[in-house]
Every structure is written in structure tokens, then in C-alpha cells.
1. Does B:Glu44 count as among the acidic types (Asp, Glu) and assigned to a strand (DSSP E or B)?
2. Being under 13 Å from B:Leu77 (Cα atoms) and within 12 Å of another protein chain (Cβ to nearest Cβ) is the requirement here; does B:Leu21 meet it?
3. For B:Leu84, are the conditions met, namely being open to solvent by 10 Å² or more (accessible area, probe 1.4 Å) and under 22 Å from B:Pro8 (Cα atoms)?
4. Return yes when A:Leu109 is open to solvent by less than 10 Å² (accessible area, probe 1.4 Å), within 18 Å of A:Thr28 (Cβ to Cβ) and not charged (D, E, K, R) and no when it is not.
5. Please count how many residues of the range A:15-29 are within 14 Å of chain B (Cβ to nearest Cβ) and surrounded by 14 or more Cβ atoms within 10 Å (Cβ to Cβ).
6. Hey, among B:Tyr90, B:Tyr104, B:Tyr33, which residue is in a strand (DSSP E or B), in contact with a Leu (Cβ under 8 Å, 6 or more places away or on another chain) and open to solvent by 60 Å² or more (accessible area, probe 1.4 Å)?
7. Given the criteria assigned to a loop (DSSP other than H, G, I, E, B) and at pLDDT 95 or above, does B:Gln17 qualify?
8. Just checking, which of A:Ser79, A:Ser72, A:Ser58, A:Ser83 is farther than 30 Å from B:Leu30 by Cβ, open to solvent by 60 Å² or more (accessible area, probe 1.4 Å) and among the small types (Gly, Ala, Ser)?
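The values are calculated or read from the model by the stated rules, or taken from the named source; none is laboratory data. Keep in mind the model is a prediction, meaning the values are calculated, not measured. Virtual Cβ from ideal backbone geometry, glycine too; neighbours counted across all protein chains shown. Only protein heavy atoms, including side chains, enter the accessible area calculation; ligands, DNA and RNA are left aside. Shrake-Rupley method; radii C 1.70, N 1.55, O 1.52, S 1.80 Å.
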Amino acid sequence: GNSVTQMEGPVTLSEEAFLTINCTYTATGYPSLFWYVQYPGEGLQLLLKATKADDKGSNKGFEATYRKETTSFHLEKGSVQVSDSAVYFCAQCSGGSNYKLTFGKGTLLTVNP
Amino acid sequence: EPEVTQTPSHQVTQMGQEVILRCVPISNHLYFYWYRQILGQKVEFLVSFYNNEISEKSEIFDDQFSVERPDGSNFTLKIRSTKLEDSAMYFCASSAKQRQETQYFGPGTRLLVL
């Protein structure tokens, strides 16, 4: 079945450090891929998405490129801020007759000043 | 910016009691979903709903669960007889017809079953 695997957290970085959170997926066909962010005490917010191979999603300085050949969608940011501290979820949607999202386990990011 | 809202934000109930979780999806969206997140675990799909019927449901969504769109704005999840293991954060989401895969989530309802 479809699945998403994220790098295990927690990840702790200093402000202005470079961030990578790895995400790989297994799917039949070509899913749409997403990163969601969950700030402390809040719900899930869509951070970025990519719907086909080689697409790059970007938002708030975060980027992720849909790599079909490696079935990956790694999240990157060049310079993290304290306010980026949150849990990040990678997810896929395989479409078809339904549009359920399959999530990874989430990666807790803590950015220290 | 339009957003999905959910009520209540927190609900505490006794085992065996019925609970109804409420959601108001984004107004022009046509696809609706419920997910849950047990503490410390991944977000799991429960059910999707379109055109007043269930499109798909997971194995979690057994006979104790039901969904309804009682009017033009609300979307509810009912758990008939709660169990301890139903304790979780429940998220409602909605998406537009032309972009069904892009789902917008509400802030969640934290359900605690005692």
C-alpha cells in the first residue's frame, strides 16, 4: 500500500542553520506530495505541495522537489528561525476515486536562538 | 482568508458516551474529511465525504462512527459509544472540487475518553 517515511526526529538546530528533513514515499502511480506543519498547540497547516515529477513546491523559505527517480520529497530551508520550531509532516495523496492523505510520522524541529 | 473551524476545541467524556464533533468547512469546498492523531502517532485517515455520501473509509471507521452534513455548512463526526482508545486529536479537512488533493485542515478537537 501507499506509505510515507520521514527521517526520525527530533531535530535541533541553531538559528540560521540549514535544514533538511528527508521524506520518501511508496505509491502505485504518481501521487501528489505535501508538507504540512503543526505549530505547538495548533492544527495542521499546508506548507507546500508538488503535484508532478520535478515540480518544486516553496513557501516561507521552505522548498521541496518532487523526485520520481528516488521517490523523495525532502524539505529544505537555507536559514531557519526560532519561529520555525514545529512538527513537520510529509504526506502523499494518490487521487483516483478518493483523495485521502497518507502521512509520515512527523519530525519535530526545535530551533534555538 | 477562509479557514476550516472546529468545535469544541476540547472534549472530555466518559467511556460509552456518545460524542459529536463539529466542523465548518471552507464555504465553497465540496470534499470533506476526518482524520485523527493519537498522541505521539501519525495522522490517520478516517473518512472522506462527497455529495452527501461517504467516498471512502478506513478500517478505523467502524460502525461506532458516522458522519453527516446536516445543513449547508456543518460537517459532523459522531462516535456512538466511545472507548478509551478513541482518545485522540480529531481533524476535519476540506478541499475544492478542482483541487481535491489539496486539503485544508481545521485546528482539531482534542477528545479525551475516561
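1. So B:Glu44 passes the test.
2. No; evaluated as a whole, the condition is false for this residue.
3. Working: open to solvent by 10 Å² or more (accessible area, probe 1.4 Å): yes; under 22 Å from B:Pro8 (Cα atoms): yes.
Yes, satisfied.
4. Working: open to solvent by less than 10 Å² (accessible area, probe 1.4 Å): yes; within 18 Å of A:Thr28 (Cβ to Cβ): no; not charged (D, E, K, R): yes.
When the stated conditions are applied, A:Leu109 does not pass them.
5. Of the residues in the range A:15-29, 3 are within 14 Å of chain B (Cβ to nearest Cβ) and surrounded by 14 or more Cβ atoms within 10 Å (Cβ to Cβ).
6. Being in a strand (DSSP E or B), in contact with a Leu (Cβ under 8 Å, 6 or more places away or on another chain) and open to solvent by 60 Å² or more (accessible area, probe 1.4 Å) holds for just one of B:Tyr90, B:Tyr104, B:Tyr33, which is B:Tyr104.
7. Judged against the criteria, B:Gln17 is a match.
8. The unique qualifying residue is A:Ser83.
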